[in-house]
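Engineer: Sharing a structure, written as structure tokens. Questions coming.
The values are calculated or read from the model by the stated rules, or taken from the named source; none is laboratory data. As the structure is a computational prediction, the values presented were derived from the model and not from experiment. All Cβ positions, glycine included, derive from the backbone under ideal geometry; neighbour counts span all protein chains shown.
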Amino acid sequence: MFDFVFWVLVIWFIINVIWMWFVLNKQSYQKSFAWINVAAVIIGFWVYYGTGAHSGGLADCFLWLNWLNVVLACLQFYFGYRKLNSTN
């Protein structure tokens, strides 16, 4: 389970980062992905600390990935809830 969740989170992180930069000014997308990322962070930390068996070098990568997801979620919340200047 540890390895499977790690690879799912890696794929999610890559897709999330790439897509985030293409929709920076679309706040509804940023909000949605930020909340999905919160769920990914909760699942990631739950799997990391909840499972006793960590396979080799993946444990450090898994922990770094979880913290990178936290940073990404913070950025997405910022871009999702910031006030945009309207130029009419």
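Engineer: With the condition kept exactly as written, say whether any residue in segment 34-48 is closer than 15 Å to C74 by Cβ, at pLDDT below 90 and not small (G, A, S).
Structural biologist: Within segment 34-48, not a single residue is closer than 15 Å to C74 by Cβ, at pLDDT below 90 and not small (G, A, S).
Engineer: Something else about it: Name the one entry in V47, V41 that is out of contact with any Ser or Thr (no Cβ under 9 Å at 6 or more places or on another chain) and over 27 Å from Y81 (Cβ atoms).
Structural biologist: Among V47, V41, only V47 is out of contact with any Ser or Thr (no Cβ under 9 Å at 6 or more places or on another chain) and over 27 Å from Y81 (Cβ atoms).
Engineer: Something else now. Given the criteria part of a helix (DSSP H, G or I), surrounded by 11 or more Cβ atoms within 10 Å (Cβ to Cβ) and within 12 Å of the chain's Cα centre (by Cα), does W12 qualify?
Structural biologist: Answer is yes for this residue.
Engineer: Contact list please: Cβ distance under 6 Å, first residue in segment 1-17 and more than 16 Å from V41 (Cβ to Cβ), second residue among the basic types (K, R) and part of a helix (DSSP H, G or I), pairs at least six apart or on different chains.
Structural biologist: Once the first residue is more than 16 Å from V41 (Cβ to Cβ) and sits in segment 1-17, no partner that is among the basic types (K, R) and part of a helix (DSSP H, G or I) comes close enough.
Engineer: If you check A73 against the conditions, is it in contact (Cβ under 8 Å) with a residue 12 or more places away in the chain, among the small types (G, A, S) and in contact with a Leu (Cβ under 9 Å, 6 or more places away or on another chain)?
Structural biologist: On the way: in contact (Cβ under 8 Å) with a residue 12 or more places away in the chain: yes; among the small types (G, A, S): yes; in contact with a Leu (Cβ under 9 Å, 6 or more places away or on another chain): no.
No, not satisfied.
Matching residues to (1) part of a helix (DSSP H, G or I); (2) in contact with a Gly (Cβ under 7 Å, 6 or more places away or on another chain):
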position: W19; (1), (2): yes, no
position: K31; (1), (2): yes, yes
position: A39; (1), (2): yes, no
position: F45; (1), (2): yes, no
position: Y48; (1), (2): yes, no
position: G56; (1), (2): no, no
position: N66; (1), (2): yes, yes
